[in-house]
Structures are given as C-alpha cells and as structure tokens.
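In what follows, a single structure is set out as structure tokens and then discussed.
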Amino acid sequence: MTTKPTPDPISLRRLGPSHLSPARTPIYAALLRAIDDNPDRVPCINPPSPGLDWLDPRQRIQDAAARLCRRCPALEQCAAFYEPYPAAPGVVYGTTERQRTKGITTTKAER
Ligand code: SF4
C-alpha cells in the first residue's frame, strides 16, 4: 500500500490547486515526497522563527528565507517544480521573487 504525501500548504498558498495540472503531477509528487522524507528540515514548512514567512513580500525577509531555502533537502525537486513559474510569490528553491523576475543572480552577501 502506498501512502499519499502530505499536502504542501505553501505551494497551495502560492499557486492554488489549478496549477497542479495532470501533466505536472509527477513533478509535484516528487516535491511532496522529498518534503515528506525530511519534513523537519524543510524550512518553509518549519521555519526557525515564527516571523519568517516564505510568502512575505519584504525583500529583507525574502533574502533571509532564501539563504535557509538553499539548504533544504527538497531543493532540487522544488526547482524542478517551480522553474516554469518565475512569478510565483515569495521564495522558492533558494531564490527571491526579485531574482527570478529580474534575472538577478545571487550575490556573495545573499548566500
Ligand atoms: S527549497 Fe525552499 S521553497 Fe522549496 S520546499 Fe525547500 S524550503 Fe520550501
């Protein structure tokens, strides 16, 4: 018997269920499995401080979240899922909205 991965509340808040189309379901399922393998180490779901929200629009908060995000065990799967959605709100796969929409690369200070 296979168990269903835990729903990912962050992705649903970002994109809504309509973006989880059948064609993309395997990619999303891989992300959910990666999250389920290490839920305690996925910082967007278990942030180290309650004020740190991956969907916060403030740049300084996004910079802090992105630094933690880059050490997430689901980083690779998250990138595979979110790369087609550069305008997704907040931080995903270690990048801020500004980096994805303006093509700004990570600076040493942001790492
Ligand atoms: S890579 Fe970042 S946004 Fe993606 S699941 Fe991990 S912590 Fe969340």
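Within the range 52-74, if we keep just the residues that are in a loop (DSSP other than H, G, I, E, B) and under 12 Å from the mean Cα position of the chain (by Cα), the residue that is nearest to residue 89 (Cα to Cα) turns out to be 55. Of all residues in the range 54-90, those being more than 9 Å from the ligand (Cβ to nearest atom), free of Cβ contacts under 8 Å to residues at least 24 places away in the same chain and crowded, with 18+ Cβ neighbours inside 10 Å number 2. Restricting the range 28-48 to residues that are small (Gly, Ala, Ser) and within 18 Å of residue 94 (Cβ to Cβ) leaves a set whose member that is nearest to the ligand (Cβ to nearest atom) is 34.
Among the residues of the range 75-106, those identified as over 15 Å from residue 28 (Cα atoms) and assigned to a helix (DSSP H, G or I) are 97, 98, 99, 100, 101, 102.
Since every read-out is calculated from the coordinates, none of them should be taken as a lab result. What you see is a predicted model; the values in this text were computed from it and never measured. Cβ sites come from the backbone with ideal geometry, for glycine too, and all protein chains shown count toward neighbours.
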